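Worksheet: one structure, shown below.
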Amino acid sequence: DVKVTQSSRYLVKRTGEKVFLECVQDMDHENMFWYRQDPGLGLRLIYFSYDVKMKEKGDIPEGYSVSREKKERFSLILESASTNQTSMYLCASSLRRTGNTEAFFGQGTRLTVV
Amino acid sequence: DQQVKQNSPSLSVQEGRISILNCDYTNSMFDYFLWYKKYPAEGPTFLISISSIKDKNEDGRFTVFLNKSAKHLSLHIVPSQPGDSAVYFCAAKGGSGSARQLTFGSGTQLTVLP
């Protein structure tokens, strides 16, 4: 079974802190994604990566950055956390650069910024 | 501008009856569609998918129908069970993007009443 693991289930951070969310997948997937889920808005794509050291902006990249130094690990960084970044963050991976494959999700990180 | 829309935020169905969840899309480049199911405090799990070359795909109690001319797809669950109560997300991918990332709808909360 594909496993996507996010480092924390719940996080509470203060406004202005730098926050790191880590994600690891164990199936040698090329693609990795970071989404946030908010009520009424569904899942919105923040950043994605299709290869090591490659990254592309999604629909809502402002206030975030990412790092992919190894194929299995994709990190989301909140440079200076703000209260409007309180959300559920979901990491996902998928097998191929093109083609009809599903994405597999981690269990999510509920981040609260106070 | 939302490219994938789920206009019903919630749906209640009696156990044993059919649940029908609907999804509309606007981007004609989408060629692969998926449904995900999400329980609270967990990541979404893949349920069923359909390619644009088909109009129906069935997997056990779950059937997805695609109407390309109307840019509409639906998920049928028959018979509905209390364990099906969850948020259901419709997602789509397409075009020649580097990772063919998924675009999600806002979700429909399904409640199956015993």
### Message
Give me the summed buried accessible area for the B-A pair, 1.4 Å probe, to the nearest 100 Å².
### Response
1900
### Task
May I ask you to list the lysines whose Cα is less than 21 Å away from that of residue A:70, ignoring any residue fewer than eight positions away on the same chain?
A:3, A:53, A:55, A:57
### Message
Quick one: 3J(HN,Hα) in Hz for the stretch A:10-18, Karplus 6.51/-1.76/1.60 with θ = phi - 60°, rounded, Gly and Pro as x.
### Response
9, 9, 10, 10, 8, 3, x, 6, 8
## Note on the structure
Inter-chain shielding metric for B:24-37, i.e. average beta-carbon neighbours from other chains within 10 angstrom, reads 1
### Query
What list of ³J(HN,Hα) couplings, whole Hz, do you get for the stretch B:23-36 from phi and the Karplus terms 6.51, -1.76, 1.60, once you set θ to phi - 60° and write x for glycine and proline?
8, 10, 9, 10, 7, 6, 7, 5, 9, 8, 10, 9, 10, 10
### Message
With +1 assigned to the C-beta of every Lys and Arg and -1 to the C-beta of every Asp and Glu, and no other charges, what is the dipole magnitude of the stretch A:4-113 about the Cα centre in debye, to the nearest 20?
### Response
180
### Summary
GNM on chain B, Cα springs under 10 Å; top mean-square fluctuation among B:15, B:58, B:42 goes to B:42
## Note on the structure
Binned at 5 Å from zero, the C-alpha pair distances of the stretch A:4-113 give percents of 2, 13, 24, 27, 19, 9, 3, 1, 0
### Summary
Taking N as the number of residues in the protein assembly as shown, the ratio of its alpha carbon radius of gyration to 2.2 N^0.38 Å works out to 1.00
### Summary
Neighbours of residue A:67 by Cβ distance under 10 Å: Lys/Arg at +1, Asp/Glu at -1, summed charge +3
### Query
Alpha carbon centre of the stretch B:47-114 versus the stretch A:43-114: separation in Å?
23
### Task
Return the lysines within reach of residue B:56: Cα separation strictly under 18 angstrom, same-chain partners fewer than 8 residues apart disregarded; answer none if there are no such residues.
B:68, B:71, B:93
### Message
How far apart, in nanometres, would the label points at residue B:53 and residue A:95 be if each is projected 7 angstrom from Cα along the Cα-to-Cβ direction?
### Response
1.6
## Note on the structure
Quick calc, residue B:39 & residue A:77: beta-carbon distance into FRET formula, R0 30 Å, rounding 0.05, result 0.60
### Task
Among the aspartates and glutamates, select those whose C-alpha is under 14 Å from the C-alpha of residue B:5, and discard any that sit fewer than 8 residues away in the same chain.
B:24
### Query
³J(HN,Hα) across the stretch A:48-53 via Karplus (A = 6.51, B = -1.76, C = 1.60, θ = phi - 60°), whole Hz, x for Gly/Pro?
9, 9, 10, 6, 4, 6
### 10 Å Cβ neighbours from other chains, averaged over peptide A:103-110
4
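The values are calculated or read from the model by the stated rules, or taken from the named source; none is laboratory data. For clarity, every value in this text was computed on a predicted model and none was experimentally measured. FYI the Cβ positions are ideal-geometry reconstructions off the backbone, even for glycines, and counts take in every protein chain you see. For accessibility, only protein heavy atoms count, side chains too; no ligands or nucleic acids. Shrake-Rupley method; radii C 1.70, N 1.55, O 1.52, S 1.80 Å.
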